[in-house]
1. Out of I74, I32, I7, I83, which single residue is assigned to a helix (DSSP H, G or I) and either of a type in the set (F, W, Y) or under 22 Å from A153 (Cα atoms) (or both)?
2. Listed residues V259, V242; which is in contact (Cβ under 8 Å) with a residue 60 or more places away in the chain and not polar (S, T, N, Q)?
3. Please find, among F12, F20, the residue that is modelled with pLDDT under 90, more than 21 Å from F120 (Cβ to Cβ), under 20 Å from the mean Cα position of the chain (by Cα) and not in a loop (DSSP other than H, G, I, E, B).
4. Which numbered condition trips up M238, out of (1) surrounded by 12 or more Cβ atoms within 10 Å (Cβ to Cβ); (2) closer than 27 Å to A150 by Cβ?
5. Can you tell which of N249, N270 is touching a residue at least 12 places away in the same chain (Cβ under 8 Å) and out of contact with any strand residue (DSSP E or B) (no Cβ under 9 Å at 6 or more places or on another chain)?
6. For the list (1) at pLDDT below 75; (2) buried (at least 18 other Cβ atoms within 10 Å of the Cβ), I need the number of the one condition that T107 fails.
7. Output the number of the condition that F109 fails; it satisfies all remaining conditions of (1) over 14 Å from the mean Cα position of the chain (by Cα); (2) in contact (Cβ under 8 Å) with a residue 40 or more places away in the chain; (3) within 19 Å of W16 (Cα to Cα).
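The values are calculated or read from the model by the stated rules, or taken from the named source; none is laboratory data. As the structure is a computational prediction, the values presented were derived from the model and not from experiment. Positions of Cβ are generated from backbone atoms using ideal geometry, with glycine treated the same way; all protein chains shown enter the neighbour counts.
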Amino acid sequence: MRAIWLIAKATFHEAWRRRFLNGILVFGILIIGSSWTFTYLQPGAELKMLIDTGLGAIRFFGMLIAIFLGVRLIPDELEKQTIHTLLAKPVTRAQFMLGKFFGGVATVFANVALMGITFFIVYTIKASQFQKIAAEAEEGATYTMIFMSANIAKAIGLAFFELTVLVGIAVLASILFSWILGAIFSFFIYFVGQMADFLRELSSPEHGADPVSSIIFGVLYRILPHFEIFDIREKILMDDLVPWSLLGNITAQAIIYIVVILMIGYLVFNEREV
């Protein structure tokens, strides 16, 4: 465990020296902060637009960070030949890969936390203004800021688990391909994974799918991570309560995805010459 911790710690510190990733984080924070400018909308619509934009920005920029970080974690060590020094010590390939993965996850967590804090600051100020207007109009000033804040916190938490899965995919892709092809592969898996329900419809004979297409789309539906389940913005915008049971179910699926991806990654990495 000590070897994993040391590699993860070094990976975390190294990640913060990557200007490109820091640039993505800064741009994401600026986009979230700019949602302050939706003043041309009605207060209720403005608040919902802010929530939709803010949570969408966290997922989008988090996705960019997760992929571009993940696909470079192992290839950089190969290019610099530092992996030979590490593996010459009492460090197994499994420990090396897990250390890199957890270091990447810690970096993603820090980035999501910074964007989430920025969003909560903007949201809290806007929600307070909305409550004052609602109170003056006698529309129920307790528009459940606590209720909405809890839902938003759950959405940010699910975004983190989504990005953790994506880091695992990016690390696996970087083991299989060059980092450029790994990034393309990761983007492909992510965006196709957003369309899992569409793949299920395409695989259904009821929608006119031929046997071959039905098998292909059915297999894709079953093996690809269903990234759309991590996006609960629609529930939040509909003022629906996001139950803890749903949160637990999605988190459990994320953990299963991560375990399977890391196992596949280890099997491939263990057979690869470095």
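1. Details: I74 fails: either of a type in the set (F, W, Y) or under 22 Å from A153 (Cα atoms) (or both); I7 fails: either of a type in the set (F, W, Y) or under 22 Å from A153 (Cα atoms) (or both); I83 fails: either of a type in the set (F, W, Y) or under 22 Å from A153 (Cα atoms) (or both).
From the options I74, I32, I7, I83, the qualifying one is I32.
2. Details: V259 fails: in contact (Cβ under 8 Å) with a residue 60 or more places away in the chain.
Exactly one residue qualifies, and that residue is V242.
3. Working: F12 fails: modelled with pLDDT under 90.
None of the other options fit; the residue is F20.
4. So M238 meets the others, but not (1).
5. Values: N249 fails: touching a residue at least 12 places away in the same chain (Cβ under 8 Å).
Of the residues listed, the single one that is touching a residue at least 12 places away in the same chain (Cβ under 8 Å) and out of contact with any strand residue (DSSP E or B) (no Cβ under 9 Å at 6 or more places or on another chain) is N270.
6. All conditions are met except number (1).
7. (1)
Residues checked against (1) out of contact with any Lys or Arg (no Cβ under 9 Å at 6 or more places or on another chain); (2) modelled with pLDDT under 75; (3) surrounded by fewer than 16 Cβ atoms within 10 Å (Cβ to Cβ):
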{"position": "K132", "(1), (2), (3)": "yes, yes, yes"}
{"position": "E136", "(1), (2), (3)": "yes, yes, yes"}
{"position": "T142", "(1), (2), (3)": "yes, yes, yes"}
{"position": "I146", "(1), (2), (3)": "yes, yes, yes"}
{"position": "A153", "(1), (2), (3)": "yes, no, yes"}
{"position": "L166", "(1), (2), (3)": "yes, no, no"}
